[in-house]
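Notes for the one structure printed next.
The values are calculated or read from the model by the stated rules, or taken from the named source; none is laboratory data. Given the structure is predicted, the values throughout are model-derived calculations rather than measurements. Neighbour counts run over all protein chains shown; Cβ positions are idealised from the backbone, glycine included. Remember, those area values only see protein heavy atoms, side chains included, never the ligands or the DNA or RNA. Shrake-Rupley method; radii C 1.70, N 1.55, O 1.52, S 1.80 Å.
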Amino acid sequence: MTTEAKNKIVLEARNLVKKYGHVTAINGADFELRAGEVLAVIGDNGAGKSTLIKVLSGAIQADSGEVFMDGQAVHFRNTLDARAHGIETVYQDLAVIPALDIASNVFLGRELRRRDFFGRFFRRLDQKEMQRQASHHLAELKIGIGSVKQSVETLSGGQRQGVAVVRAAAFGKRVIIMDEPTAALGVKESSMVIDLIRKIRDKGLPVILISHNMPNVFEVADRIHVHRLGKRAAVVRPTDRSMSEVVALMTGAETPTPSEASGGY
């Protein structure tokens, strides 16, 4: 990917405001995601980062402000609108159904019907095709699971997160959002998910990573969006700032440079 292509802004927000009664969750928030990058979003509890991400994923609507994809203004009324624009989200609670098999979870809400008489009139699902495609998606991200026919409840926590990631990567055409994907995982399983994030980026899909895990952030992020007091406080590169300096920016103990504060990093 050329430097010009990498600097292309895929998803952007300008001056977003969202209030809940007398509480202002985001207050003039700006955001920029560039092509082919992992952008980590960090901030203290109550900083407004979750509200920002919910607006970008269509889960809620801002009271004011604008969202753009590839420079064109978009308005997400719900998550289905965001999905229609190629944005997929992996939530912290996984959103997988343990009793169903892996293939069924990959195609959850997007099940394929058979194209024959039974599919048209009896709405029978095309299990074989879903299994074939699910196997392909797992292989593409090099997730080592024996069979897509096994139920998700037989998998480890990292493997279950892997299934949710595969589903997002299979259907996300423009942006993948990951909300605390390693929060409930051990070190080995967290490493597996971090590796999956890299593989998605290497496929050309930009990733928004919301995380409290600073070692994970510094391991995989190309840039870090620091959210504080309802708006963007700074954007930094992990190669230019230490972990302690980024935490200081997040808490307000350190002042960002003009370039960091403007997000033009």
Checklist outcome for this item: For K128, the lysines lying under 17 Å Cα to Cα, once residues fewer than eight places off in the same chain are dropped, come out as K149
Checklist entry - Which lysines have a Cα lying under 29 Å from the Cα of K49, excluding residues fewer than 8 positions away in the same chain? => result K6, K8, K18, K19, K173, K188, K199, K203, K231
Checklist entry - What residue among A183, A103, A62 has the largest mean-square fluctuation in a Gaussian network model of the chain, using Cα springs under 10 Å? => result A183
Item to check | Exposure ranking of R232, R83 by accessible area [1.4 Å probe, largest first] | outcome: R83, R232
Checklist entry - Contour minus end-to-end for K19 and S262, with contour as 0.36 nm per residue of separation and end-to-end as the Cα-Cα distance? => result 85.1 nm
Checklist entry - Rounded to the nearest 5, what % of the DSSP beta bridges within the chain are antiparallel ones? => result 60 percent
Item to check | GNM result for the chain, Cα springs below 10 Å: residue of S211, S50, S156 fluctuating most strongly | outcome: S156
Checklist entry - Of all the accessible heavy-atom surface of the chain, with the other protein chains kept in place and a 1.4 Å probe, what percent is carbon and sulfur? => result 50 percent
Checklist entry - FRET efficiency for R115 and K142, Cβ-Cβ distance as r, R0 = 25 Å, nearest 0.05? => result 0.25
Item to check | Label-point separation in nm, A248 to A73, each point 7 Å along Cα→Cβ | outcome: 4.1 nm
Next on the checklist: Give me the one-decimal nm value for the distance between modelled label points at A59 and Q127, 7 Å along each residue's Cα-to-Cβ direction.
Outcome noted: 3.4 nm
Checklist entry - Ordered by residue, what ³J(HN,Hα) values in Hz, to whole numbers, does the stretch 217-224 give under the Karplus form 6.51 cos²θ - 1.76 cosθ + 1.60, where θ = phi - 60° and Gly and Pro are x? => result 4, 6, 6, 10, 6, 7, 9, 10
Next on the checklist: Given a 1.4 angstrom probe, what's the average accessible area per residue across the chain, in square angstrom?
Outcome noted: 48 Å²
Checklist entry - Pick from K54, K128, K173: which residue has the top mean-square fluctuation in a GNM of the chain where Cα pairs under 10 Å get a spring? => result K128
